[in-house]
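Below is one structure; the comments refer to it alone.
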Amino acid sequence: MIILSQQRKVDNMKVLLVGHDFDFSAGDGVSRYSYEIYKGISKYVSAKTITVGKLPRPVRAMLPITAKGYDIVHAMYPDVARIAKGGAKMVTMWHDLRMLSKYSADTQARYKPKLSERYGIANRIIKSWVDENYLNTDALVTNSTKTLEEAVAYLKKEGIYSRRKIYRAIPLGIDEKFLHVNKWNGARRDFAFIGSIHLKHKNLFGLLSAFDGISGYPQARAARLHIFTQSAGARTILSSRLKAFPRLSHRNVILHVNMPDDAIIKMLPKFVACLHLSKEEGFGFPILESMAAGTRVILLKKASIPREVSKYAIKANENEIPEIAAGMIDDGKPASSKAIQYAKSFTWGNTVKKTLEVYNKILEQ
């Protein structure tokens, strides 16, 4: 039994979750969402998972998944598989628009594109999945208002938008460990980046260019940039990029590959700032996690970042960042108390509650 905000009780609700993993093994944002939603709703409903992440996309395209016997089927992302509702109501999570652009030749996002991606084959497969699952879905949920606006714009462009469906922006949560970090009031010297470096939109070149500029200021000569990433081949990628910057080397750009959150949390509160110079984000966990740890965040002013996440970050043009960051070394301030409390308000408990409210609403229709 679950009791939602409307005080309506739902007995014996059965939910089928379909995703690429539910044990956080992939370690990305979709993986985290799948893991946290499953863990959270399992406290209130009967939930079962189907994992398709280890299957190649062509196999998933032919894999029939039926939700017959369930009240709700929840697709963790639109191109997870072709789903037959079988009488169930369907909820689909839309994480970002890149699923429809990152595999095409002109908007390639990977460091080394696959052959099928360069020729747009995967793009066509993904588009057919997205459109078909959207037509079957009863509720479309997104991780931010930005993503919701992008999704609606795409659906209208394709001529398949329907007002009869439910649309909800449900922000995600940060890991509970970040909710209990104490603010650091000591000296700050180094900078950080957390995220993939093999994806072009993450802007590794821009990050290194900014830090190269920062390193030219007298107060920053001893500063280091710590890069925390899970990208495969990260050392090779970083080494090739460092050659373009005379002031940078592996001595002042420190790479941490697959470092666990517990270790990152010990370091994160002590940085001058997190330089999150990504050009776009579907959500942007590291931005909120850094602020929750008491570290300020610098973003590109023209970047496409959800406004919920970027609210208390410092936004600057690329050429302004070195001077701003060097000045932050001098003042040594942590993130403001408002920023810290705001970041810590993004909890998975809230995400799960709002998701259950969507389940409840579509069952009432």
Check: Got the relative contact order for the chain handy, in percent, Cα pairs under 8 Å and 6 or more residues apart?
Finding: 16
Check: Does the stretch 202-342 come out rounded, prolate or oblate by the C-alpha gyration tensor, with a ≥ b ≥ c the root eigenvalues, rounded set by a/c under 1.5 and, if not, prolate when a/b is larger than b/c and oblate if not?
Finding: rounded
Notebook entry, point to check: From the Cα gyration tensor of the stretch 277-358, with a ≥ b ≥ c the square roots of its eigenvalues, which class applies: rounded if a/c is under 1.5, or else prolate if a/b is larger than b/c, or else oblate?
Noted result: oblate
Check: If one takes the longest principal axis of the Cα atoms in the chain, at what angle in degrees, from 0 to 90 and to the nearest 10, does the Cα axis of helix 29-41 lie?
Finding: 50
Check: About the Cα centre of the chain, what is the dipole size in debye to 20, counting +1 per Lys and Arg Cβ and -1 per Asp and Glu Cβ, all else neutral?
Finding: 240
Check: Among the lysines, which fall within straight-line cross-link reach of Lys338, defined as a Cα-Cα distance under 16 Å, with same-chain neighbours fewer than 8 residues apart omitted?
Finding: Lys183, Lys311
Check: So in the stretch 176-343, what percent of DSSP beta bridges are antiparallel if you round to the nearest 5?
Finding: 0
Checklist line | Exposure proxy order (Cβ contacts within 10 Å, fewest to most) of Leu356, Leu179 | finding: Leu179, Leu356
Margin query: Using helices alone, I'd like the mean residue ellipticity at 222 nm for the chain: each DSSP H run of four-plus residues gives -39500 (n - 2.57), total over residue count, nearest 500.
Written below: -10000 deg cm²/dmol
Checklist line | Candidate aspartates and glutamates - alpha carbon under 14 Å from Lys301, same-chain residues fewer than 8 apart omitted | finding: Glu280, Glu281, Glu318, Glu320
Check: By a straight-distance test (C-alpha under 18 Å), which lysines pair with Lys361 as possible cross-link partners, with residues fewer than eight away in the same chain excluded?
Finding: Lys9, Lys14, Lys85, Lys89, Lys165, Lys353
Check: Around Val297, which amide H atoms from residues at least 5 apart in sequence, or from another chain, sit under 5 Å from its own amide H, with H modelled in the peptide plane?
Finding: Cys274, Ile314
Next item on the list: For the stretch 176-343, calculate the relative contact order in percent as a whole number, restricting contacts to Cα pairs under 8 Å that are 6 or more residues apart.
Entry: 29
Item checked: Mean separation of Cα contacts under 8 Å (6+ apart) over length of the stretch 258-365, as relative contact order % -> 26
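Rule-based calculations on the coordinates, nothing more; no lab input. Remember, predicted model here, so these are calculated numbers, not experimental data. Note that each Cβ is placed from the backbone with ideal geometry, even for glycine, and that neighbours are counted across all protein chains shown.
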